[in-house]
Amino acid sequence: MNFYINLLLSVVFLFVAILFVARIFGYLFTYFFWGAIYVPTREDKVKKIIEFLDIKPGQKIVDLGSGDGRLVIALAKAGAIAYGYEINPFLVARAKKSILAAGLGDEAFVYCKNLWKQDLSCFDAVVVFGMKHMMKKLELKVKSELKVGSKVVSNYFTFPTWVSDRAEEEVYLYVKNIDKEVKSDIFNVSQQDE
């Protein structure tokens with residue numbers, strides 16, 4: 001009898017240890033590959049992001065670092081064709097399950113892909129809750145790939161040289177505009193010469 005109790009306790013302990021390691025690995029995995037650690041977007045921030053985007057039916061919007069998919073689901077419910085790129089496979093599985101549970105399998109999609117290797121030119125808007133260390137590189141990426149009129153909404157972190165068009169409650173809206181890009185690019189060149 002003691003043998004079976006010890007065996008059961010060992011199996012339970014091993015299972016808990018595996019879950020703990022998988023959880024920690026999930027956080028570290030994204031950070032070491034130039035992502036951000038997983039921090040879920042609060043519901044009030046999700047509403048503010050949706051408000052800033054002023055979504056028109058059928059617009060293609062991508063969430064970079066989509067985590068558990070909550071924002072991708074909210075975007076799809078607001079009328080967008082929503083995409084998410086997430087490097088953490090555990091979070092991608094969770095997001096896909098949530099999308100199916102919400103009945104949004106034709107409007108919301110999450111892929112286990114590195115955001116730096118994705119072409120963003122087909123999207124009308126981009127949403128990101130990144131980290132400070134990635135915002136300069138991301139600013140260059142979205143400026144070079146997005147078409148004029150595209151929107152970028154950042155939760156909490158700002159771009160280093162791109163001035164936001166609107167900011168409330170640490171949510172920042174940027175709209176790609178030719179005049180702004182020229183001024184911003186001139187600013188970048190003059191700083192590099194110093």
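Within segment 72-82, the only residue that satisfies the criterion of being in contact with a Ser or Thr (Cβ under 8 Å, 6 or more places away or on another chain) and either under 19 Å from Asp119 (Cα atoms) or of a type in the set (Ser, Thr, Tyr) (or both) is Val72. The residues of segment 76-90 that are at pLDDT 95 or above, surrounded by fewer than 20 Cβ atoms within 10 Å (Cβ to Cβ) and not in a loop (DSSP other than H, G, I, E, B), listed by number, are Lys77, Ile81. The numbered conditions (1) touching a Phe, Trp or Tyr at 6+ places or on another chain (Cβ under 9 Å); (2) at pLDDT 95 or above; (3) among the hydrophobic types (A, V, I, L, M, F, W, C) are all true for Met131 except (2).
Of the strands (runs of 3 or more DSSP E) that lie entirely inside segment 104-159, those containing 2 or more residues that are in contact (Cβ under 8 Å) with a residue 24 or more places away in the chain and farther than 21 Å from Val171 by Cβ span 108-112.
Yes/no matrix, rows are residues, columns are (1) within 20 Å of Gly58 (Cα to Cα); (2) touching a strand residue (DSSP E or B) at 6+ places or on another chain (Cβ under 6 Å):
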{"position": "Val127", "(1), (2)": "yes, yes"}
{"position": "Met131", "(1), (2)": "no, no"}
{"position": "Lys136", "(1), (2)": "no, no"}
{"position": "Val142", "(1), (2)": "no, yes"}
{"position": "Trp162", "(1), (2)": "no, yes"}
{"position": "Asn177", "(1), (2)": "no, no"}
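Checking each residue in segment 52-75 for being surrounded by fewer than 18 Cβ atoms within 10 Å (Cβ to Cβ) and under 16 Å from Val126 (Cβ atoms) picks out Asp54, Lys56, Lys60.
Whether a residue is of a type in the set (Asp, Glu) and over 19 Å from Lys176 (Cα atoms) was assessed, and Asp124 does not pass this test.
Taking segment 99-144 as the range and being surrounded by fewer than 19 Cβ atoms within 10 Å (Cβ to Cβ) and closer than 14 Å to Tyr38 by Cβ as the test, the residues that pass are Cys112, Met131.
Within segment 145-159, the residues that satisfy the criterion of being surrounded by 14 or more Cβ atoms within 10 Å (Cβ to Cβ) and either touching a helix residue (DSSP H, G or I) at 6+ places or on another chain (Cβ under 7 Å) or not aliphatic (A, V, I, L, M) (or both) are Glu145, Ser150, Lys151, Val152, Val153, Ser154, Asn155, Tyr156, Phe157, Thr158, Phe159.
The values are calculated or read from the model by the stated rules, or taken from the named source; none is laboratory data. All of these numbers come straight from a predicted model, not from anything done at the bench. As a convention, Cβ positions derive from the backbone with ideal geometry for all residues, glycine included, and neighbour counts pool all protein chains shown.
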